[in-house]
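Written below as structure tokens is the structure these notes are about.
The values are calculated or read from the model by the stated rules, or taken from the named source; none is laboratory data. It should be emphasised that the depicted structure is a prediction, and the values quoted were computed from it without experimental measurement. Here the Cβ is made from the backbone with ideal geometry for all residues, glycine too, and neighbour counts use every protein chain on show.
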Amino acid sequence: MGISYSKASQLFGEKVRALRLKDGISQETLAYKAGIERSYMGQIERGIANPSFKKILSIANALGVGLKELTP
């Protein structure tokens, strides 16, 4: 059996936050680079938002990583 949807959202958010902090950028800066509202980025990092594939791609591009680095 695979990973649950809520656990996947939580792990995705944790990876986004870890990569953002590794790059030393604020949540606001990452949100701006990805074209996402800062409050929504906060929800993504906390694992409570359900970002579309398009938004996930935008986040990956803003972080300079591939999708594989963001998936659990």
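Can you say whether Leu21 is surrounded by fewer than 18 Cβ atoms within 10 Å (Cβ to Cβ), in contact with a helix residue (DSSP H, G or I) (Cβ under 6 Å, 6 or more places away or on another chain) and not charged (D, E, K, R), as far as the supplied structure shows? Taking the combined requirement at face value, the residue does not satisfy it. Scanning the range 25-43 for residues that are within 17 Å of Glu69 (Cβ to Cβ) and not in a helix (DSSP H, G or I) yields a single hit, Ile25.
Is there a residue in the range 10-22 that is more than 9 Å from the chain's Cα centre (by Cα), of a type in the set (Gly, Ala, Ser) and assigned to a helix (DSSP H, G or I)? Yes, the conditions are met somewhere in the range 10-22.
Restricting attention to the range 44-59, which residues are over 12 Å from Arg20 (Cβ atoms) and part of a helix (DSSP H, G or I)? Passing the criteria: Phe53, Lys54, Lys55, Ile56, Leu57, Ser58.
Picking from residues in the range 45-72 that are within 13 Å of Phe12 (Cα to Cα) and among the polar types (S, T, N, Q), the one that is surrounded by the most Cβ atoms within 10 Å (Cβ to Cβ) is Thr71. For the range 29-44, the condition holds for no residue, the condition being that it is of a type in the set (D, E, K, R), buried (at least 18 other Cβ atoms within 10 Å of the Cβ) and at pLDDT 95 or above.
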